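See below for the structure under consideration.
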Amino acid sequence: MNYTIRQLFLKIAKWLTLCVLTCNLAWAISPFEMRDIRVEGLQRVEPGTVFASLPFRVGDTYTDEKGTAAIRGLFALGLFKDVRIEVNGNVLVVVVEERPVIAGVDFIGTKEFEKDTLKKALRDIGLSEGRAFDKALADRAEQELKRQYINRSLYGAEIITTITPIDRNRVNLSFNVVEGDVAKIKEIKIVGNKAFSESTLRDQLDLNTGNWLSWYTKTDRYARNKLNADLETLRSFYLSRGYLEFRIDSTQVSISPNRQDISITINVTEGQRFVVSSVKLEGYFLGRDDEFKSLITIKPGQTYNANDVAQTVKSFTEYFGNFGFAFARVEPRPDIDRATNQVSVVLQAEPSRRAYVRRINVAGNSRTRDEIIRREMRQMESAWYDGDRIRLSRDRIERLGYFKEVTVDTQEVPGAPDQVDLVINVAEKPTGSLQLGAGYSSFEKLFLTFGIQQDNIFGSGNYLGAQLSTSKYNQIFSINTTDPYFTADGVSRTYDLYHRSSRPYIEQAGNYRLVTSGLGLRFGIPFSELDRIVVGVAAEQTTIKPGTSIPAAYLDYAERFGYTSASLPLTFGWTRDSRDSVMVPTRGVMSRVYSDLALAGDTHYTRSGAQYQQYFPISKQYSFALNGEIGYGKGLSGHPYPIFKNYFVGGLGSVRGFDQGSLGPRDITGLVVGGAKKIVMNAEVFAPFPGAGNDRTLRLYGFYDAGNVFGENEKFTLNDLRSSLGAGISWVSPMGPLRLAIANPIHKVSGDRIQRLQFQIGTSF
């Protein structure tokens, strides 16, 4: 408040001074015809800038009014700290004194922010290198810096501004910052609650009083935007439980004299809990009342739930849009009976008018070509407005992965009430990357990766990538490129070139090496918006390199069929993925089916498999996941199944608690050789990490794993599966995803290799 008053007085004084100057400097000069106009005092400002701001030209008649207007116009440029007008005969002389120019901006003592971040914040308010210096602007910059620190809960930050004049009428600005300590939330009080305990309500908030993990979550740091979000969460909590008249009366935030402790008090009025007595439809529903009623999620006899009301309104609006009513309005109107604590929900509909799409425009794309975006559209121009097709179009554009944000705006066409224009607004993001990576795991040990990829090369929508990965056990080199629209109807084409070299993870499997090189061609065929079939063919060659220790089964195969085998496998696959997140999923399904069929070359075989994952949200913080995977391989045309195509099970990604790839058949020497059949089942329960609050990147999980591999002709029962119970930590860390598991095998047999602690972490830099 004091700062605002001070600024107001400064502005008043400035304008009073300006008025005095203009009155004194441009007053009482007799009108005359200007034969010439000169400008004096310029150092860096171009004369044209001054002349462009003058309200007169050579040959015009000078008057006091024009002189006053000229001085005001030049002061308004912000480039001069003094302006006066002089007359020399019939020559008008404009004398100016330029403001100094900012030569450099520096920050001393800043630890919380990067200097570039602070420079950008000052640039947004008009202070940057090369701009004219104004003391008022420096004061404003100081206040902006304090605001930045307050947003980080550094209320005690002190800023001293130093202005250093240098040559050529320039100045250097230096902001010396003493950041102080972070102010932390000491207390959160909720007053007026009766139906729910204060602890229950505080659990709904992201802000808290801190715990041992606050250094990571920073949830004990106050920020106004975080508090506003928590207040909305609190309001939603009550409204979803029937407290229709709930309100937040006031919020007090106080800080201690030492500016280290913050107290928050939230005063609420709960009101009464209401039950839905009935749901009524009013207005015009296109003669489809029964269809709209089927979309209602509000249940009479149950507690009023604002989320159900909002979902019903959204469903109604979208359903109107499916029939071309782009401007339909649905208003929920609760009729409250306080005597019985019941509420009747009336859904008032106004479909307005039906419209068709005149034109579809694309905005915001500077790199990606328009046709790359337009080919994902399912809403067509000159067709009736269809809400389903528009939402589908937006989702398809988002799934491209080229944009940070995709929005669709509906605009009325002037003079055409039955027409609308659609504007597809996109915000592009970098689609190329150069990645250097390193990581460590309990089974791979140290591994390094190098990759180059471009998802949208030259704005064409095509993908090009190359990857090199090396570790103690695996080396991979691959190049692939994809044209997602090889045909106009969305059939994709992918070329693959790869070279892989691998050896067993455990000593009990030997130290031989498998080297596979190949070239492949794949086509992806969409048969629905979520489903895609993949067909392809590859030519590959696999070489067995014995080493000093190799299972007898590999030697036997090599002696019968050679150490090098070539094949032409055909590939078939189907995928569907509806998970809400790839890194931290909480709901949705991922399913896939794959099959390789080799009928030409040195090997004849089929290798097929299927995987199904489903995630179930239990609550805001808890979720449950199931995973099942099977694999099957078989030799064809009298050929045995290639031993180098065997499956391996054990460790992270399959059955935890056992050595990586250690389960399954062994040869006569006791070395692990894998198997042609695989079955893996996993169940996981995810919970928040103690102290992490609602942070989904750091979670605890408990799991049950079961699985094994079997030989091609080996019969098995469920009793032959190995299983384990355990718990772990999942963390999407700044260095990359980390997964740690501690497992206890509950079904094992003599000779099984046990590894109770298993982990993996990858980094990118």
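Taking 0.36 nm per residue of sequence separation and removing the Cα-Cα distance, the residue 174/residue 748 pair yields an extension gain of 199.8 nm. Using the Cβ-Cβ distance between residue 636 and residue 563 with R0 set to 30 Å, the FRET efficiency from 1/(1 + (r/R0)^6) comes to roughly 0.90. Spin-label model, residue 619/residue 491: points 7 Å from Cα along the beta carbon direction are separated by 5.2 nm.
Within region 601-699, the trypsin sites (Lys or Arg not before Pro) that combine a DSSP coil assignment with at most 15 other C-beta atoms in a 10 angstrom radius are 620. Label zone (residue 668, point 7 Å along Cα-to-C-beta; backbone nitrogen cut-off 16 Å) within region 554-577: 554-560. Of all aspartates and glutamates in the structure, the ones whose alpha carbon falls short of 12 Å from that of residue 226, not counting any fewer than 8 places away in one chain, are 206. Other residues within the sphere of radius under 15 Å centred on the Cβ of residue 39, judged by their own Cβ, net out at -3 (K and R +1, D and E -1).
Output the pairs from 119/189; 194/299; 299/404 with a Cα-Cα distance over 30 Å in this structure; if there are none, say none. Present the calculation step by step, with values, prior to reporting the outcome.
Values: 119/189 38 Å; 194/299 26 Å; 299/404 38 Å.
Cα-Cα > 30 Å for 119/189; 299/404; rest within.
Take the Cβ-Cβ distance between residue 303 and residue 187 as r, set R0 to 41 Å, and report the resulting FRET efficiency rounded to the nearest 0.05. Given R0 = 41 Å and the Cβ-Cβ separation, E is 0.85. Over the chain, dividing the summed -39,500 (n - 2.57) contributions of all DSSP H runs of at least 4 residues by the number of residues returns a 222 nm mean residue ellipticity of -6000 deg cm²/dmol. The stretch between residue 315 and residue 452, if pulled fully straight at 0.36 nm per residue, gains 45.0 nm over its current Cα-Cα span. Ignoring lysines fewer than eight residues from residue 645 along the same chain, the ones with Cα atoms less than 28 angstrom from its Cα are 445, 472, 545, 634, 677, 678, 715, 748. At an R0 of 22 angstrom, the distance between the Cβ atoms of residue 427 and residue 114 translates into a FRET efficiency of 0.45.
In this rough spin-label picture, where each label sits 7 Å from Cα along the Cβ direction, the residue 150-residue 380 distance is 5.7 nm.
Placing a label point 7 Å from the Cα of residue 388 along the Cα-to-Cβ direction, the residues of region 528-571 whose backbone N falls under 15 Å from that point are 528-530. Recomputing volume of the Cα convex hull per residue in Å³ from the coordinates shown identifies the correct label among (i) 351; (ii) 211; (iii) 267 as (iii). Simple spin-label estimate for residue 30 and residue 265 gives 7.5 nm between the two label positions (7 Å along the Cα-to-Cβ direction from each Cα).
Here region 432-764 has an Rg and Dmax of 20.6, 61 Å, counting Cα atoms alone.
Couplings for region 225-242, taken from phi via the Karplus curve 6.51 cos²θ - 1.76 cosθ + 1.60 with θ = phi - 60°, read 5, 5, 5, 4, 5, 5, 5, 5, 4, 5, 5, 5, 4, 6, 5, 7, 10, x Hz in order; Gly and Pro are left as x.
Loop-resident chymotrypsin sites (Phe, Trp or Tyr not before Pro) (DSSP state other than H, G, I, E or B) in region 214-311 with no more than 16 further Cβ atoms inside 10 Å of their Cβ: 284. Candidate cross-link partners of residue 184 among the aspartates and glutamates, defined by an alpha-carbon separation under 12 Å and a same-chain spacing of 8 or more, comprise 220, 261. For residue 594 and residue 683, the difference between the fully extended length at 0.36 nm per residue and the C-alpha to C-alpha distance is 29.8 nm.
Readers should treat all values here as calculations from the given coordinates under stated rules, not as data from a laboratory. Remember, predicted model here, so these are calculated numbers, not experimental data. Cβ sites come from the backbone with ideal geometry, for glycine too, and all protein chains shown count toward neighbours.
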